[in-house]
Amino acid sequence: MKNIVLIGMMGCGKSTCGKLLSQRLGLKLVDTDELIVEREGRSISQIFAAEGEESFRNMETRVIRELTGWSGLVIATGGGLPLREENAKRLREMGLVVWLKRDPASTFSSVSMAGRPLAQSGQTDFLARFREREPLYRRAAHVVIEDFSAPENTVDLIVKVLKGEATSV
Ligand code: S3P
């Protein structure tokens, strides 16, 4: 099979669901944030502080270019990765792109935003960022998932979509 790509706002559960999904399907998980951190030998906050966002975005684009041509992966992306048109286009060609559209207010109040440099300016800013990104996530996604009652349920839905038993939910 081609790849399954998870996109969505910071903290929406891409890494958690990606891990569960890769275990369920017996596929390898690639987490783009983890890959960048490993390669750089420093945290995302350190990269942003030392070089700024643009430089981090270039690292993301490099990772996506490198992954082009691979198959059988679950790819958990950083929240800003599909915003660049080149990245979004590549992701769509690489496999099924699933947008985890979790309510941003509930994400912000329940998930730790430590280590996420673009989520340090409070909830209003976070919600505004989500609204700004929404059309870009929509454009990049083949499928939208909106059930976040538990990560297992989110993953169940993704599996149903893969089997053709459900469409966007
Ligand atoms: C970002 C999301 C982060 C990380 C970086 C920027 C974003 O990943 O890539 O802090 O712009 O949304 P998560 O979505 O895993 O938090």
Those residues of segment 60-77 which are closer than 23 Å to residue 135 by Cα, without any contact (Cβ under 8 Å) to a residue 60 or more places away in the chain and within 12 Å of the ligand (Cβ to nearest atom) amount to 60
Residue list for segment 121-151, filter: exposed (fewer than 13 other Cβ atoms within 10 Å of the Cβ) and at pLDDT below 95 = 149, 150
Filter segment 22-38 for residues that are within 11 Å of the ligand (Cβ to nearest atom) and charged (D, E, K, R); the one that is farthest from residue 98 (Cα to Cα) is 34
Evaluate the following for residue 162: is it assigned to a helix (DSSP H, G or I), within 17 Å of the chain's Cα centre (by Cα) and not polar (S, T, N, Q)?
-> no
Hey, residue 153 hits all of (1) in contact (Cβ under 8 Å) with a residue 12 or more places away in the chain; (2) touching an Asp or Glu at 6+ places or on another chain (Cβ under 6 Å) but one; which does it fall short on?
-> (1)
Check off (1) buried (at least 21 other Cβ atoms within 10 Å of the Cβ); (2) near the ligand (Cβ under 10 Å from one of its atoms); (3) β-branched (Val, Ile, Thr) for residue 44 and give me the number that stays unchecked.
-> (1)
Select from segment 137-156 the residues that are over 16 Å from residue 22 (Cβ atoms) and assigned to a helix (DSSP H, G or I) and write down the one among them that is farthest from the chain's Cα centre (by Cα).
-> 153
Here, helices (runs of 4 or more DSSP H) confined to segment 1-68 with at least 2 residues that are within 21 Å of residue 121 (Cα to Cα) are 44-51, 53-67
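Name every residue in segment 9-63 that is among the small types (Gly, Ala, Ser) and touching a Leu at 6+ places or on another chain (Cβ under 9 Å), in order of residue number.
Once the filter is applied, which keeps residues that are among the small types (Gly, Ala, Ser) and touching a Leu at 6+ places or on another chain (Cβ under 9 Å), segment 9-63 yields 13, 15, 18, 22.
Taking segment 115-131, which residues are within 11 Å of the ligand (Cβ to nearest atom) and either under 18 Å from residue 13 (Cα atoms) or of a type in the set (D, E, K, R) (or both)?
Answer for segment 115-131, where residues must be within 11 Å of the ligand (Cβ to nearest atom) and either under 18 Å from residue 13 (Cα atoms) or of a type in the set (D, E, K, R) (or both): 115, 116, 117, 118, 119, 126, 129, 130.
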Mind checking which pairs have a first residue in segment 19-31 that is touching a residue at least 24 places away in the same chain (Cβ under 8 Å) and a second that is in a helix (DSSP H, G or I) and within 16 Å of the ligand (Cβ to nearest atom), Cβ under 7 Å, 6 or more apart or different chains?
-> 20/151; 28/22; 29/18; 29/19; 29/22; 30/67; 31/15; 31/18
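Each row is one residue, and each column tells you yes or no for (1) under 22 Å from residue 139 (Cα atoms); (2) more than 10 Å from the ligand (Cβ to nearest atom); (3) surrounded by fewer than 20 Cβ atoms within 10 Å (Cβ to Cβ).
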site	(1), (2), (3)
50	no, yes, yes
55	no, yes, yes
79	yes, no, no
85	yes, yes, yes
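The values are calculated or read from the model by the stated rules, or taken from the named source; none is laboratory data. Remember, predicted model here, so these are calculated numbers, not experimental data. Cβ coordinates were reconstructed from backbone atoms using ideal geometry, including for glycine residues, and neighbour counts include every protein chain displayed.
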